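J.: Input: one structure, supplied below.
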Amino acid sequence: MEIKFHHQNIRWHPWIARASLKPMQLNFLVQGWRRMLKYVLPLLCILSFMTVVLANSFTPVVAQSPRQEIRGVWMTNNDFDVLKNHSKVKDAVTQLRRLNFNTIYPVVWNSGYTKFPSIIAQRAGIPFFFRGTQGQDILADLINQAHRQGLVVIPWFEFGFMTPATSELALNHPEWLTQKRDGTQTSISSAGEVAWLNPFHPQVQEFITNLVVELAVRYDIDGIQFDDHMSLPREFGYDKYTVTLYTQETENSPPKDFKDEAWVKWRADKITAFMVQLNQAVKQRKPTAIFSVSPNYYDFAYKLQLQDWLAWLRQGIVDELIVQVYRHNLASFVSKITLPEVIEARQIIPTGVGIMAGLRNRPVPMAQIKSQVRAAQARGLGVTFFYYESLWDYAQETVAQRQAGFKYLFPYKAARAKVAPVRESQPELQLNSLSL
């Protein structure tokens, strides 16, 4: 028995040993992991924190999804030497694509004239329009070349209801103009002394609508943009037609004070109603067209220009918003891009900021541009620059330095969808009372 037991004991010994070691091994491993976590985990946290800090120091912070980030530039009358030349247009588009821009806003309506051969303008007694140096259709050429390289083209209806008093449009249709209470018909703007088409007059509305629809039907545009001139300075609206219309609807004469709240609202609501109709006219012909607006910040736009673009947004007619914020001071710039209405827009549609890249007689340093772009990107906003040639041609830095600066800001491509976004109804963000 002893021999047999001893024999069995010898056979069972490895199993018994292994079984008895398992709790010891497990305990050893647990203790080892605890010691490692005690010393290694804090080190990992420190390394992770340093990685984030270093990454943010060298790469832009982009909160917007790449497909929705607007990286645009306006091409203005100042860029006409580029726009009229086929080779220069090709070079410009190639350069913008190389620097990872994705949207071009070419001017198509300025000073009472179109930048395309318009039948509607001819019918209104405006026979003149701009052609390229080779007789080409400037707009068609730009769209064709931009689309070949994947850029979105949204023609810019720059002057809106504004026109020079000496333009053929104003001279041929004096009944289309509105006026101040003292009878004067002009104001001083960034474009000089200008008159204003009456946005409440049905013939003016029909003319503007037909021009826009003509663009949508005849060209492969990706959208249409209206800026701060799709408005009316609050001093205007005392023409005979508008006074009669206001009196019929309210049984009162227009207030002598052009700042009167009810008078401001009545006129702003009329412009809003027209913009709703204009949006419907565009969408009927081109449902995918991006209906873009580029106003001033809301309090200024509504109170001084009768432009209630927040109502446009909430009524679902705005597909893209670019708020013009031309400031040299960064704190002032940030205060405007963090307003409640900008935050509301960003939650619903692609939203960007208009940034001044410079003027011929007033260059903007690249350091200022970088700080403003980074501030916009960090808040989920795209950017659009005013204007193309000032990106690098009118600057204190060299062309190479400026282009390297934009490449730094946009290190990767951000393609855009060429269709208006589909939006679900969003809860309105309640604004506090606004004041200038």
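The values are calculated or read from the model by the stated rules, or taken from the named source; none is laboratory data. Everything quoted here is computed from the prediction, not taken from an experiment. Backbone-built Cβ (ideal geometry, glycine too); neighbour counts: all protein chains shown.
J.: Go over the candidates E341, E320 one by one and state the one that is crowded, with 20+ Cβ neighbours inside 10 Å and either at pLDDT below 95 or out of contact with any helix residue (DSSP H, G or I) (no Cβ under 9 Å at 6 or more places or on another chain) (or both).
T.: Sole residue among the options that is crowded, with 20+ Cβ neighbours inside 10 Å and either at pLDDT below 95 or out of contact with any helix residue (DSSP H, G or I) (no Cβ under 9 Å at 6 or more places or on another chain) (or both): E320.
J.: L96 passes all but one of (1) more than 15 Å from D79 (Cα to Cα); (2) in a helix (DSSP H, G or I); which number fails?
T.: Every condition holds for L96 apart from (1).
J.: When you scan region 391-417, how many residues do you find that are closer than 24 Å to G150 by Cβ, part of a helix (DSSP H, G or I) and in contact (Cβ under 8 Å) with a residue 24 or more places away in the chain?
T.: Number of matching residues: 8.
J.: Condition first: buried (at least 17 other Cβ atoms within 10 Å of the Cβ), modelled with pLDDT of 95 or more and small (G, A, S). Can you find one or more residues in region 415-431 that meet it? First the steps, then the outcome.
T.: Just the residues of region 415-431 that are buried (at least 17 other Cβ atoms within 10 Å of the Cβ), to begin with: 416, 418, 420.
Cutting the leftovers down to modelled with pLDDT of 95 or more gives us none.
No, region 415-431 has no match at all.
J.: Please count how many residues of region 136-192 are free of Cβ contacts under 8 Å to residues at least 12 places away in the same chain, of a type in the set (V, I, T) and part of a loop (DSSP other than H, G, I, E, B).
T.: Summing the residues that are free of Cβ contacts under 8 Å to residues at least 12 places away in the same chain, of a type in the set (V, I, T) and part of a loop (DSSP other than H, G, I, E, B) in region 136-192 gives 2.
J.: If I ask for residues that are surrounded by fewer than 21 Cβ atoms within 10 Å (Cβ to Cβ), touching a residue at least 24 places away in the same chain (Cβ under 8 Å) and under 25 Å from A404 (Cβ atoms), which ones from region 82-97 would you list? So that I can check it myself, show each step before the final result.
T.: Taking region 82-97 as the starting set, the residues that turn out to be surrounded by fewer than 21 Cβ atoms within 10 Å (Cβ to Cβ) are 82, 84-88, 90-91, 94-95, 97.
When the remaining residues are screened for being touching a residue at least 24 places away in the same chain (Cβ under 8 Å), the result is 82, 84-86, 90, 94-95, 97.
Those that are surrounded by fewer than 21 Cβ atoms within 10 Å (Cβ to Cβ), touching a residue at least 24 places away in the same chain (Cβ under 8 Å) and under 25 Å from A404 (Cβ atoms): V82, K90, T94, Q95, R97.
J.: Please find, within region 360-373, the residue that is nearest to the chain's Cα centre (by Cα) out of those that are part of a helix (DSSP H, G or I) and loosely packed, with under 15 Cβ neighbours inside 10 Å.
T.: If we filter region 360-373 for residues that are part of a helix (DSSP H, G or I), which is where we start, we get 366-373.
Checking the rest, the ones that are also loosely packed, with under 15 Cβ neighbours inside 10 Å come to 367, 371.
Working: A367: 22, S371: 18 Å.
Top of the filtered list is S371.
J.: Just to confirm my filter: which helices (runs of 4 or more DSSP H) fall fully inside region 302-349 and include at least 1 residues that are under 20 Å from F274 (Cα atoms)?
T.: Values: elements: 309-314, 330-337, 340-346.
Qualifying helices (runs of 4 or more DSSP H): 309-314.
J.: May I ask you to list the residues in region 256-280 that are exposed (fewer than 15 other Cβ atoms within 10 Å of the Cβ) and in contact (Cβ under 8 Å) with a residue 60 or more places away in the chain?
T.: Scanning region 256-280 gives K256, Q277.
J.: Mind checking which residues of region 169-225 are within 23 Å of the chain's Cα centre (by Cα), closer than 30 Å to K286 by Cα and either of a type in the set (F, W, Y) or loosely packed, with under 15 Cβ neighbours inside 10 Å (or both)?
T.: Of all residues in region 169-225, those within 23 Å of the chain's Cα centre (by Cα) come to 189-191, 208-209, 211-213, 215-216, 219-225.
Now restrict to residues that are closer than 30 Å to K286 by Cα: 208-209, 211-213, 215-216, 219-225.
Listed by number, the residues that qualify are Y219, D220.
J.: Return the only residue of W176, W156 being closer than 24 Å to W74 by Cα, of a type in the set (F, W, Y) and either at pLDDT 95 or above or in the same structural domain as F274 (by TED's automatic domain parsing) (or both).
T.: Result: W156 is the single residue among W176, W156 that is closer than 24 Å to W74 by Cα, of a type in the set (F, W, Y) and either at pLDDT 95 or above or in the same structural domain as F274 (by TED's automatic domain parsing) (or both).
J.: Right, here's the next one. I'd like the full set of residues that are among the charged types (D, E, K, R) and buried (at least 19 other Cβ atoms within 10 Å of the Cβ), limited to region 103-130.
T.: K115
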